[in-house]
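To start, the structure itself, in structure tokens.
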Amino acid sequence: MFFLSQTRSFGVVQSIFTNGLNIAFGKNLVFVGTEYGNGVPFGIHIESYLYDRLLAETFIGEEVVWNREKQQLSFTNCNVHIHISLMDSFDCSLKLRAQPDLRLSEWAPKMRDLATSMNKELGLGLTLNDALALLETREANSDLERRLLTLSQAIKEPGHEMNIDLIKYFIGRGQGLTPSGDDFLVGIMAIERILGKADSGVSWAISRIMGKLPSLTTQVSANYYYSACDGYFSTVILDLLAALLNEPDYDFEECATALLDVGSSSGMDTYFGLSFAIMSCGLL
């Protein structure tokens, strides 16, 4: 994490939830919580008993101090100290895979079939089924659908420069700490990364407007974009991709369900982004 290189950094508790909180160090966030099944790429995951104490005693605006010499994150009001050096690290990086290892022709129908069986509502205003069917029928009936088809075509042609205004349409679109449009784009960025296309498409566009992200969306979404540009994604995304790669101990339906269950619609919008990118690349 960025703050680990600093001798001493001062942050404040920015937001608090049932199972986690965000600390703001300037424009950067650090998540501290218990979501072991959804490892956040800018997160520190602690035991539930310790987070219960934080939940009871901390407050929005409380000062938090990072001490590099002690490798310690300290909550000044409730006197809780998290010793990073005593914790296990987890790798949220998404590695480029060789094409023969991907079995890409199997991915799209697998993702589509599960979506059909669940038919959940996206935060973007479409059902997951209707959104994916749009890529097959290519028949747009709204401005959103027309923009989705335009984006799909742009992803399919990585040699062409991505229209940044088109990407801005989706950034910050929707409600919540991570608006639906942001979850959707991060899903696309994960597929671009694993296919070795992280220097083009959506990833290229996001990197071009990195400094403007805080004014376009929430601070939480901006940090997911920062992480994605560096190749780091939540473990629920990594687990689903591992299942698609048929890696041992990763069941596709179980991993897909875990992603789809994240937040009110965040997981579904991310799943749509993953599926959208796969299908747009002509992998059917």
Q. Out of curiosity, is Gly196 modelled with pLDDT under 95, open to solvent by 30 Å² or more (accessible area, probe 1.4 Å) and either closer than 25 Å to Leu149 by Cα or polar (S, T, N, Q) (or both)?
A. yes
Q: Restrict the check to region 91-100 and report whether at least one residue is in contact (Cβ under 8 Å) with a residue 24 or more places away in the chain, open to solvent by 50 Å² or more (accessible area, probe 1.4 Å) and more than 19 Å from the chain's Cα centre (by Cα).
A: yes
**Q.** Selection status of Ser85, of a type in the set (Gly, Ala, Ser), open to solvent by less than 90 Å² (accessible area, probe 1.4 Å) and either modelled with pLDDT of 85 or more or part of a loop (DSSP other than H, G, I, E, B) (or both)
**A.** no
(Q) Looking at region 124-143, I want the residues that are touching a residue at least 24 places away in the same chain (Cβ under 8 Å) and of a type in the set (A, V, I, L, M) and have a partner that is part of a loop (DSSP other than H, G, I, E, B) and open to solvent by 30 Å² or more (accessible area, probe 1.4 Å) with Cβ atoms under 6 Å, at least 6 apart or on another chain. Which pairs are those? (A) Leu128/Lys120
Q.
I'd like the residue in region 251-282 that is open to solvent by 30 Å² or more (accessible area, probe 1.4 Å) and either in contact with a Leu (Cβ under 8 Å, 6 or more places away or on another chain) or part of a helix (DSSP H, G or I) (or both) and, out of all such residues, is nearest to Leu213 (Cα to Cα).
A. Cys281
Q: Quickly run through region 199-217 and pick out the residues that are modelled with pLDDT under 95, in a loop (DSSP other than H, G, I, E, B) and open to solvent by less than 50 Å² (accessible area, probe 1.4 Å).
A: Ser200
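The values are calculated or read from the model by the stated rules, or taken from the named source; none is laboratory data. Predicted model, so just to flag it, every value in this text is computed and none were measured. A quick note on method: Cβ atoms are made from the backbone with ideal geometry, for glycine too, and the neighbour counts reach across all protein chains shown. Side chains included, ligands, DNA and RNA excluded: accessible areas come from the protein's heavy atoms. Shrake-Rupley method; radii C 1.70, N 1.55, O 1.52, S 1.80 Å.
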